[in-house]
1. Please indicate, with yes or no, whether at least one residue in segment A:141-151 is closer than 22 Å to A:Y48 by Cβ and in a helix (DSSP H, G or I).
2. When segment A:152-171 is examined, which residues are found to be closer than 18 Å to A:V189 by Cβ and more than 15 Å from the chain's Cα centre (by Cα)?
3. From the set of residues in segment A:131-146 that are at pLDDT 95 or above and surrounded by fewer than 22 Cβ atoms within 10 Å (Cβ to Cβ), which is farthest from A:K22 (Cα to Cα)?
4. In segment A:169-197, which residues are over 16 Å from A:F127 (Cα atoms), surrounded by fewer than 16 Cβ atoms within 10 Å (Cβ to Cβ), touching a helix residue (DSSP H, G or I) at 6+ places or on another chain (Cβ under 9 Å) and of a type in the set (A, V, I, L, M, F, W, C)?
5. Tally the residues that are among the hydrophobic types (A, V, I, L, M, F, W, C) and surrounded by fewer than 17 Cβ atoms within 10 Å (Cβ to Cβ), restricting the search to segment A:79-97.
6. Could you tell me whether any residue of segment A:98-117 is among the hydrophobic types (A, V, I, L, M, F, W, C), surrounded by 15 or more Cβ atoms within 10 Å (Cβ to Cβ), in contact with a Lys or Arg (Cβ under 7 Å, 6 or more places away or on another chain) and part of a helix (DSSP H, G or I)?
7. Taking the residues in segment A:34-80 that are of a type in the set (V, I, T) and not in a helix (DSSP H, G or I) as candidates, determine which candidate is nearest to the other protein chains (Cβ to nearest Cβ).
8. Specify the residue that is farthest from A:T94 (Cα to Cα); the eligible residues are those in segment A:114-146 that are among the aromatic types (F, W, Y) and within 14 Å of chain B (Cβ to nearest Cβ).
Amino acid sequence: MNIFRLAGDMTHLMSVIVLLLKIHTIKSCAGISLKTQELYALVFATRYLDIFTDFISLYNTIMKLIFLASSFSIVWYMRQHKIVRRSYDKDQDTFRHLFLILPCLLLALFINEKFTFKEVMWTFSLFLEAVAILPQLVLLQRTRNIDNLTGQYVFLLGAYRALYILNWIYRYFTEPHYVHWITWISGLVQTLLYADFFYYYFNSWKNNVKLQLPA
Amino acid sequence: EDKEKPHDEL
């Protein structure tokens with residue numbers, strides 16, 4: 001464990017807590033893409049298949065449980081909760097899951113470190129996580145106005161993967177034979193997808209104006 | 001045959 005990875009995990013944890021607090025306290029999910037939340041639940045479900053077979057550390061297991069519980073409860077809130085679901089904008093959140101899931105699955109079948117079910121599922125979860133934010137970014141473009149909590153949520157989500165890149169660089173130089181091209185490339189693609197959002201987020205923060213994405 | 005090393009990152 002290194003400071004970059006710990007900071008990354010804490011930032012990731014903060015992003016799901018910000019989102020859960022938003023939905024739980026103001027009982028609204030306006031501006032949040034259910035498609036992205038469902039994709040994230042799938043990412044964690046396919047990535048943490050080894051939660052009961054491979055014990056890494058107490059920290060690792062607890063964080064996996066938190067991410068699984070939070071992502072599935074956010075999906076539950078947005079689909080089932082009688083008040084929250086009313087604020088879900090399903091006419092705007094129209095991104096088709098399959099357009100992301102199928103290519104990631106096919107890619108994972110061809111590009112993986114080992115052709116085993118667990119490893120292919122793990123690689124699939126990496127590719128899917130890289131693109132899972134797309135429905136959310138599309139929704140933000142459409143609805144244009146971004147409330148603070150949603151902006152913070154997307155920002156933290158992007159920042160966590162950027163911190164992970166620093167973690168991979170650190171591990172590459174400190175651990176012999178630590179090479180995971182698949183992880184590094186998908187993590188880089190993921191961070192780049194947030195780049196334009198970061199640009200507008202920092203500008204709005206610097207000029208102290210409401211965050212607006214161009215049409 | 002290296003035993004499948006579990007992924008230690010979240």
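The values are calculated or read from the model by the stated rules, or taken from the named source; none is laboratory data. Because the structure is a prediction, the values reported are computed rather than measured. Counting neighbours? That spans all protein chains shown, and the Cβs are built from the backbone with ideal geometry, glycine included.
1. Checking segment A:141-151: not a single residue is closer than 22 Å to A:Y48 by Cβ and in a helix (DSSP H, G or I).
2. Of everything in segment A:152-171, those that are closer than 18 Å to A:V189 by Cβ and more than 15 Å from the chain's Cα centre (by Cα) turn out to be A:L166, A:N167, A:W168, A:I169.
3. A:V131
4. Across segment A:169-197, the qualifying residues are A:I169, A:V179, A:A195.
5. Adding up the residues that qualify gives 1.
6. no
7. Within segment A:34-80, the subset of a type in the set (V, I, T) is A:36, A:43, A:46, A:51, A:53, A:56, A:61-62, A:66, A:74-75.
Those left that are additionally not in a helix (DSSP H, G or I): A:53, A:56.
Numbers: A:T53: 8, A:I56: 5 Å.
The extreme case among them is A:I56.
8. Residue satisfying both the conditions and the ranking: A:F115.
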